């Protein structure tokens with residue numbers, strides 16, 4: 001789960017911002033205008049104006065002539081401004097609060113207008129009162145009349161520009177506007193842009209109250225929404241300096257770093273908090289950051305600490321389970337998912353993961369039972385459907401797997417052909433699996449049809465569809481069609497370098513090596529973009545046995561290689577180059593270096609394991625390598641062939657046959673697979689079946705690209721077939737003589 005968990009949905013972020021507003025802004029219907037020091041909140045309501053106390057609790061500000069003339073707060077006579085009637089103002093204010101309580105507190109919205117009218121009468125008696133203006137604005141706001149609230153507050157700010165409560169309420173209005181997705185609905189604001197106006201207001205609030213962590217947090221979050229990371233960081237760091245132990249500050253700053261790609265900074269920030277002082281949320285965020293950095297052990301430790309603090313928190317336990325699964329700690333992950341399922345029997349996600357773990361442990365039937373149970377609970381669960389199809393494929397139940405994936409394709413399809421990116425991704429996954437199943441059954445036309453649906457979706461999905469169609473035709477040894485599709489793909493996407501390199505490789509397979517190399521070399525531009533071109537040229541040179549040219553191409557690529565994973569792949573290619581020249585010692589050394597950097601690479605494990613097994617060397621180690629590769633890719637016919645061959649070399653004919661049969665079923669176009677199956681049949685005395693396999697091997701060799709054919713290997717199979725046929729002829733002759741007698 002590669003993401004930082006402290007990312008928020010935009011609406012949730014605004015909810016968090018609103019939640020941070022001080023209670024002084026969010027006064028209840030029972031409270032008066034927002035002023036913590038005013039006795040107005042607890043003053044008794046008089047029965048009539050005459051009973052009003054002599055000293056009005058309303059705080060009077062000096063009148064400013066002409067201020068706020070365009071708002072309710074500004075409508076008064078010169079006499080009113082000179083001599084406010086505090087008693088009358090207080091009387092109407094109390095009536096306004098009573099109506100406000102009835103309207104908003106007791107559910108009588110028809111009383112809202114009466115409350116507003118009473119506020120206006122109070123303001124007529126005391127037009128310069130910031131508290132009354134703020135109270136009316138807040139009433140407007142709470143009653144859903146944001147524009148009138150904004151107009152009232154702006155008029156007040158002309159009278160009292162440094163009223164922090166007024167700025168806070170105006171800021172809240174803009175936050176509400178943003179949370180409702182109305183970016184430009186503030187008609188009375190200077191810019192008409194709610195985000196910019198909110199930032200402006202909270203900058204003023206922070207200037208008036210620089211020690212307020214809450215206000216700096218809101219401002220920092222607003223800058224985050226604006227994608228102004230520098231200003232956001234400035235506010236969060238200021239808040240952190242005021243309150244170093246604040247969970248909200250640490251998490252928001254960590255989120256900012258994570259979304260800016262500064263994962264290390266996010267980690268250091270949370271690590272700086274002593275372990276004993278970290279909250280579960282901090283540990284959870286830290287674990288997610290560790291996962292981003294592929295520090296799986298640290299991620300697990302962080303999630304475990306969070307789970308220990310909140311044992312009943314299921315989302316945290318789910319994160320822990322996922323981290324354990326990613327680290328291949330299958331038993332520990334299984335235990336966590338079982339706990340999640342016990343806590344919530346309807347948790348199909350946990351059930352699907354249990355099925356996945358059982359599959360990875362090789363318990364395919366048990367895994368299928370669990371997955372089908374999950375699908376019964378939730379037939380439209382895409383992940384469950386994917387896993388069911390995968391398990392049926394592993395078990396060799398191809399028709400059922402095809403049916404399952406076809407149903408999932410239909411479920412992920414729309415008649416109008418319009419898809420979100422997520423929907424397009426889901427549909428493409430099922431189409432790819434469906435096409436792969438058809439390829440395993442040697443049904444090339446059906447596979448190509450499935451991949452065509454990827455092309456029809458357009459965009460990056462279409463590029464993938466073209467590549468898969470080319471692969472399908474190449475696997476079927478229909479090289480002319482592969483070139484045709486590659487050319488079509490390049491014509492439709494003339495600027496795509498990967499497609500051009502694919503076409504170059506297909507021209508090479510077709511026997512037009514010079515054309516392929518010329519096309520690839522034409523893409524060189526003497527910059528870092530040349531790396532994949534040099535790698536492709538090196539691979540084409542290997543196939544053409546141009547060993548020195550291949551070495552030179554890889555040397556060029558190495559100067560442009562900076563990422564660790566890219567260095568690992570280059571080591572693999574160099575190992576292949578050495579092996580193809582029969583330099584097995586150097587090849588083994590290169591493959592082991594690649595495995596040191598990426599111990600789980602199925603590709604490298606299989607190549608090295610097969611190379612050692614084929615030479616009869618270090619067979620136990622070779623077997624373990626291939627087994628691990630098959631665990632990673634249990635449907636890979638080439639890996640199953642390697643596994644069967646290793647068992648054959650070790651003299652375990654039963655396991656050899658089991659795996660070689662699966663390999664033949666999945667990779668019918670590979671001549672080596674048929675050759676190995678023939679060897680097993682010969683060794684176990686089934687000469688006729690051996691001869692049939694060798695015939696299939698020679699047929700596939702005849703269809704293969706010249707670069708993929710080792711004449712010595714072909715001659716070996718021909719000799720074996722000749723000897724087998726001769727032996728069968730003698731046996732048939734002897735049987736004929738027996739029958740004649």
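Restricted to helices (runs of 4 or more DSSP H) entirely inside the stretch 541-628, those with at least 3 residues that are over 23 Å from residue 528 (Cβ atoms) are 564-580, 584-597, 602-614.
On the given criteria, is residue 520 buried (at least 17 other Cβ atoms within 10 Å of the Cβ), assigned to a helix (DSSP H, G or I), within 32 Å of the chain's Cα centre (by Cα) and not assigned by TED's automatic domain parsing to the domain that holds residue 706? So residue 520 does not fit the description; no.
Among residues of the stretch 608-633 that are within 20 Å of residue 362 (Cβ to Cβ), those with a Cβ under 9 angstrom from a residue that is modelled with pLDDT under 95 and part of a helix (DSSP H, G or I), sequence gap 6+ or separate chain, pair up as 631/360; 632/360. Take the conditions (1) surrounded by 19 or more Cβ atoms within 10 Å (Cβ to Cβ); (2) without any contact (Cβ under 8 Å) to a residue 60 or more places away in the chain; residue 508 misses just one of them, which is (2).
Taking into account only those residues within the stretch 327-354 that are touching a helix residue (DSSP H, G or I) at 6+ places or on another chain (Cβ under 6 Å) and either assigned to a loop (DSSP other than H, G, I, E, B) or touching a residue at least 40 places away in the same chain (Cβ under 8 Å) (or both), which is nearest to residue 278 (Cα to Cα)? Restricting to residues being touching a helix residue (DSSP H, G or I) at 6+ places or on another chain (Cβ under 6 Å) and either assigned to a loop (DSSP other than H, G, I, E, B) or touching a residue at least 40 places away in the same chain (Cβ under 8 Å) (or both), the top hit is 327. Does residue 567 satisfy the criteria of being more than 27 Å from residue 486 (Cα to Cα), loosely packed, with under 15 Cβ neighbours inside 10 Å and out of contact with any strand residue (DSSP E or B) (no Cβ under 6 Å at 6 or more places or on another chain)? No, not satisfied. Close contacts from the stretch 558-577, counting a first residue that is assigned by TED's automatic domain parsing to the domain that holds residue 599 and a second that is buried (at least 21 other Cβ atoms within 10 Å of the Cβ) and not in a helix (DSSP H, G or I), with Cβ to Cβ under 8 Å and a gap of 6+ residues or different chains, come to 568/601; 572/601. In the stretch 606-616, the residue that is nearest to the chain's Cα centre (by Cα) out of those that are buried (at least 23 other Cβ atoms within 10 Å of the Cβ) and over 16 Å from residue 586 (Cα atoms) is 606. None of 481, 548, 488 is free of Cβ contacts under 8 Å to residues at least 12 places away in the same chain, under 22 Å from residue 447 (Cβ atoms) and in contact with a helix residue (DSSP H, G or I) (Cβ under 9 Å, 6 or more places away or on another chain) except 481. If you check residue 136 against the conditions, is it out of contact with any strand residue (DSSP E or B) (no Cβ under 6 Å at 6 or more places or on another chain) and crowded, with 23+ Cβ neighbours inside 10 Å? Yes.
The values are calculated or read from the model by the stated rules, or taken from the named source; none is laboratory data. For clarity, every value in this text was computed on a predicted model and none was experimentally measured. Using ideal geometry, Cβ is built from the backbone for each residue, glycine included, and neighbour counts are taken over all protein chains shown.
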